[in-house]
1. Which value, in debye to the nearest 20, describes the size of the charge dipole of the stretch 36-154 about its Cα centre when Lys and Arg Cβ atoms bear +1, Asp and Glu Cβ atoms bear -1, and nothing else is charged?
2. Between V367 and D405, what is the FRET efficiency for a Förster distance of 25 Å, r being their Cβ-Cβ separation, to the nearest 0.05?
3. As an exercise, use a Förster radius of 60 Å and the Cβ-Cβ distance of D240 and T93 to find the FRET efficiency, rounded to the nearest 0.05.
4. Compute the distance in nm between two label points, each set 7 Å from the Cα along the Cα-to-Cβ direction, one at D47 and one at M360.
5. Sorted by average packing, counted as other Cβ atoms within 10 angstrom per residue and highest first, what order do 437-446, 528-537 take?
6. If the chain between D454 and D112 were fully stretched, how many nm would it gain, using 0.36 nm times the residue separation less the Cα-Cα distance?
7. Does a label point 7 Å from the Cα of A181, set along Cα-to-beta-carbon, have any residues of the stretch 52-83 with amide nitrogen under 17 Å, and which are they?
8. Based on the mean of other beta carbon atoms within 10 Å per residue, what is the order of 144-153, 241-250, most packed first?
Amino acid sequence: MGRSWRALLSRSWPRSLAGQAIALQVVVIAVIVMIGSALALVDARQDGDEAARQQVVSIATALADAPSTASAIQSGRATEILQPVTEAVRTNTDIAFITIMSPDATRFTHTDPRQIGGKYLGTIDPALRGATFTEVYTGTLGPSIRAVVPVLDPDGDVVGLVSAGITQQTLAQRWREQIPAIVVVGLGALAVSLLGVWAIRRRLLRQTHGLAPDELRVMYEHHDAILHSVSEGLVVLDGDRVAIVNDEARRLLGLPPGTIRPSDLPAFLHDHDPGVRDEVHVTDDRVLVVNRSTVRGSDADRADDRPTSKRSEVVTIRDRTELQGALGELSSLQVLTDSLRAQAHEAANKLHTVITMVEMGRPEDAVTFATEELALSQRLVDRLSADVGEPALVALLLGKTAQADERGIALTVTEDTHLPTTSAATAHLPLSAQEIVTVLGNLIDNAMDACDRDDPWVEVTVTFGETSPDASLANDGLLIRVADSGAGMDADAFERAMQRGYSTKSDVTHHGLGLALVAQVVKRHGGTLTADVTYGSVVTVTVPVVTS
């Protein structure tokens, strides 16, 4: 029997979280309504008893204090005078009895005239001492609540007693008459509660999609595992509140453990632009790709008039730091490859020229033409190889020189350019070869994009410490200076370009992600990045040597 009951309960019990929650609420509400109704009945009975005590005390006191009552008792005609009065009062007040008696408890009046002259059944001692009191006592009419009040003569002596009472049967009838009202109120409260519960059920079903508690638990566990295991950073913003931040987002953004406040997030996450796709941002030590989308899981989120700052948004963050470095190296190699391809094409043309001149019988002119071109290129290679010990930087400068030549830009590597050529001295450089290539390559690219189209030129200077032959350029660390014939940037534009990168060069100055990457490297090593306009637009990087 027990198993069949449990099986029936299991089959009839709701499956979804919303159904189970509502079923429990219905049970709780029903129990509360029943308990409340029972308490209301008990309270009604207690209130009725208290009201009955006050009523009988008031009636008995009024009769006892009336001068005519004491006079009638002392005249010896108490029954004749007082019986009609007490019956009239009893009828009008709807109480069970009013008994006036002598101090020895002999009745002068009674509801049942046959009881007149008999002894009063009940306690009278407190009244004989001049006190008014109430009690519950079973008399000739059954159990009743009664009051006994002394009747005093002008001298203050007790000459009689007045007792008024209401039977408990009458009181029970009174509070039973309140049961229908209590039941109606209880049913009304139950109906209103069930209506509210039904509305809550609809909302819960919509929000939980009808899933059972176990399904929600499994879903939470899976989602939690995914949030901790995905390689992308994930931040969920619920209006002005940070709802979710996974482990990767904490790592990429350098967030502290524990609860995250909006003030802990970087500035670019405070923007409310749900249309962001693959936007690149540069932090102090990382290059991040950010995507934003609005959560449209509720009617409120789909409302067009909902303030943008109050919408829920999902922000995904990818780390592009290593990829950006690889892309920078690849770009440098691509530049060098393009330069070599162009030089090969140019060399083929010059070779054809030399061969033609030989065939024309002018070998001396052919030798002169070939050696002059070779000497010009070789002098630049020899000078850079002698002054710059880092092969990657030499390759970069040669490639950029060829690239500038193809674009009709005069790129000059100044005679002041000098870096250590020995491995021991190179080890003291504050930047690695890859970082120098990143800084110098991006500055040269920006300069070539920004230089004046009528008279385009770019000038590059790289020097380290006391190795500079020009004392004015000597410093305690690495100096990289790139000047161009462009108009330059004002202080505000330069500051914005250093703080934030863009996926495309859409602004008028064409300074995009490159300058932000330069600023990132410089800031990481405690250097400075400045821009001014003197003989041209000049950008200067200085990085001090950190002594251990």
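Since every read-out is calculated from the coordinates, none of them should be taken as a lab result. Remember, it's a predicted structure, so these values are computed and weren't measured experimentally. Positions of Cβ are backbone-derived with ideal geometry, glycine not excepted, and every protein chain shown enters the neighbour counts.
1. 280
2. 0.55
3. Rounded to the nearest 0.05, the efficiency is 0.30.
4. Computed distance between label sites D47 and M360 equals 12.7 nm.
5. 437-446, 528-537
6. 109.8 nm
7. 52
8. Result, highest mean Cβ count within 10 Å first: 144-153, 241-250.
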